[in-house]
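> Got a structure for you, questions after.
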Amino acid sequence: MHSLRALLLLLPLLTNLSACAPRAPSSITEAAPPVIEDCALWDNPRLTRRLDLLTSSVEREGNRAELLIDGVSAFPRRYENSADAELILVKTFIFYEDEAGHAIAKLLSERAQAGAEVWFQYDQKGSIRGPEDVQNMLTLADDERLLGELPLVRKMRKAGVHIIASNPVRRAKGIARWGEFVDSWSEARGGDPKVRILPRFDHEKYWITLNPLPDGDRELRVILGGLNIASEYAYGGTPQRDAGTGRRGWRDTDIELRGPVTNDVVSRYLDLIEIHTSERLAPGERGRLNPTQGVKGDAKARFVWNHPILGNKRRIERLYNELIDATPDGAPIKIGTAYFAPGRRITRPLYRAARDGGALTVITNSTESVDMWFVTSASRHEFRRLSRINPDLGLYEWLPQPEQGWFTYHSKQAAFGSCGPVIVGSANLDAQSSEHNSESVVAVRDAQLRADFDQMFAADLRDGRVARVDPAELGHVGPIERIKELTIYTLMWYWLDGGARGAGFGGGGRL
């Protein structure tokens, strides 16, 4: 424990000594990797059985899947799907009282008052921006909610929306300390109020609607991915800025699903209702809220989730592990993730792919764009390892373009082989997502979706959005920087729980 304290005390010094200067975007003119015909490989029954077993999931046929790129497309689709929905199920990690938060609260309240059944789950800790939010919550305390709730949440509750606050702070002293921690951490780092990696979080994001169709059928539509409910997510891909907070949009990705796989997602949502309320749904409720869905398209989709509190930490890692290993030598592996600090279950197959000539491309945040300062150091540590194995890999860092609505890179996505599956979801490739958060992803096999993904990924590599990390630059980093990177990476993977408890924020608490 003494060594941990010493390392934590050293981190600010190491950070100051190794500050990175802004970099100009690099022009990317590399030749495209050779196309390796691997389509038949992904239908291999043995691979399907292994994924079924290792991820406790089933690949469903007959789905329709569509990428929703940035808030500019993902938020309007939420509004469109909700306009005539008889059921709306929402889950978010962050719910802020900014322009986007007010607009969503208005939408959900109006739909509830019009007769729709509306459920809203949000992570209470993840939605506290600082002491002002804490004070606003405490002023709304009552006998039922001793620590109150955000004013916008109270308005939705009064309008008839069913509210579930997961991961709540349970004592007044604790909630005050949490607000001060978020505020002081952000101020000290000149960063984003969302710098809060230590405790566990309810990190899944869903927007689910049940819509009546002209033929009398009832269609489930599921949107999942990386977008929370706040202006930086809603304004992604636009020049818009929140008038109150000044925040601009972020680069992010959601996916919309229709068809049999939506039943798996809704079943997960209903399980979470029972977990967070400690009550079973009444008999027959699951069938009413989750009607069996028929064929909607040609996509094959597999829904995979993690929930560490329930003892399930690593299904998503196993999914990545198997898909990386299944990718043929020389075939592309494309990964985009806000935080790239994977553990051994993912680095081992990545190292093998790099050694075997795999065309690995990774996009993650730079020091200039990241909202959690220490994660870039951990990413650099892993980039250095990969570059030593294969200096020709495509390792890129995102550069802020706030005027285009692309400040921080927040997507969590991947694709495997030339025509293998696409992953979209809430899980980053880091210790927090693997060991601490509840997370979910969907792995989809569909020719059109894969073509759309490849086009989107290629666009992110163009137009000055990224800078390629130079292997020579990684090799010439000094000893202080290397110690800092290794220390942060190690802390993230081995001491995260201890750090959370030591900070007094209940890292082992119930979600």
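> May I ask you to verify whether Thr292 is under 14 Å from Leu210 (Cβ atoms), over 21 Å from the mean Cα position of the chain (by Cα) and either modelled with pLDDT of 95 or more or in the same structural domain as Val90 (by TED's automatic domain parsing) (or both)?
Yes; evaluated as a whole, the condition is true for this residue.
> Which members of segment 340-373 meet the condition of being outside any strand (DSSP E or B) and either in contact with a strand residue (DSSP E or B) (Cβ under 7 Å, 6 or more places away or on another chain) or hydrophobic (A, V, I, L, M, F, W, C) (or both)?
Ala341, Pro342, Ile346, Leu350, Ala353, Ala354, Gly358, Ser366, Ser369, Val370, Met372, Trp373
> Would you call Leu107 at pLDDT 95 or above and under 29 Å from Pro421 (Cβ atoms)?
For Leu107, the condition - at pLDDT 95 or above and under 29 Å from Pro421 (Cβ atoms) - is not met.
> Right, another one. Every residue in segment 359-384 that is of a type outside the set (A, V, I, L, M, F, W, C), surrounded by fewer than 23 Cβ atoms within 10 Å (Cβ to Cβ) and farther than 26 Å from Asp325 by Cα, please.
Result: Ser366, Thr367, Glu368, Asp371.
> Does segment 171-191 contain at least one residue that is among the basic types (Lys, Arg), modelled with pLDDT under 65 and either under 27 Å from Val441 (Cα atoms) or touching a helix residue (DSSP H, G or I) at 6+ places or on another chain (Cβ under 6 Å) (or both)?
Yes.
> Kindly provide the set of residues from segment 227-277 that are under 18 Å from the mean Cα position of the chain (by Cα) and charged (D, E, K, R), ordered by number.
Within segment 227-277, the subset under 18 Å from the mean Cα position of the chain (by Cα) is 227-237, 249-257, 265, 268-269, 272.
If the condition is that a residue be under 18 Å from the mean Cα position of the chain (by Cα) and charged (D, E, K, R), then Glu232, Arg251, Asp252, Asp254, Glu256, Arg268 are the ones that fit.
> Scan segment 243-269 residue by residue and report those that are under 14 Å from Leu89 (Cβ atoms) and aromatic (Phe, Trp, Tyr). If you could, list the steps in order and put the result at the bottom.
Pass one, segment 243-269, residues under 14 Å from Leu89 (Cβ atoms): 257, 262-269.
Once the filter is applied, which keeps residues that are under 14 Å from Leu89 (Cβ atoms) and aromatic (Phe, Trp, Tyr), segment 243-269 yields only Tyr269.
> Sticking with this structure for a sec: Residue by residue through segment 350-408, note down the ones that are acidic (Asp, Glu) and over 15 Å from Asp430 (Cβ atoms).
Matches in segment 350-408: Asp356, Glu368, Asp392, Glu397, Glu403.
> Just to be sure I understand, how many residues within segment 385-406 are under 22 Å from Ser433 (Cα atoms), surrounded by 24 or more Cβ atoms within 10 Å (Cβ to Cβ) and of a type in the set (A, V, I, L, M, F, W, C)?
Total meeting the criteria: 2.
The values are calculated or read from the model by the stated rules, or taken from the named source; none is laboratory data. Here the structure is a predicted model, which means the values were calculated and not measured. Please note: Cβ atoms are built from the backbone with ideal geometry, for glycine as well, and neighbour counts cover all protein chains shown.
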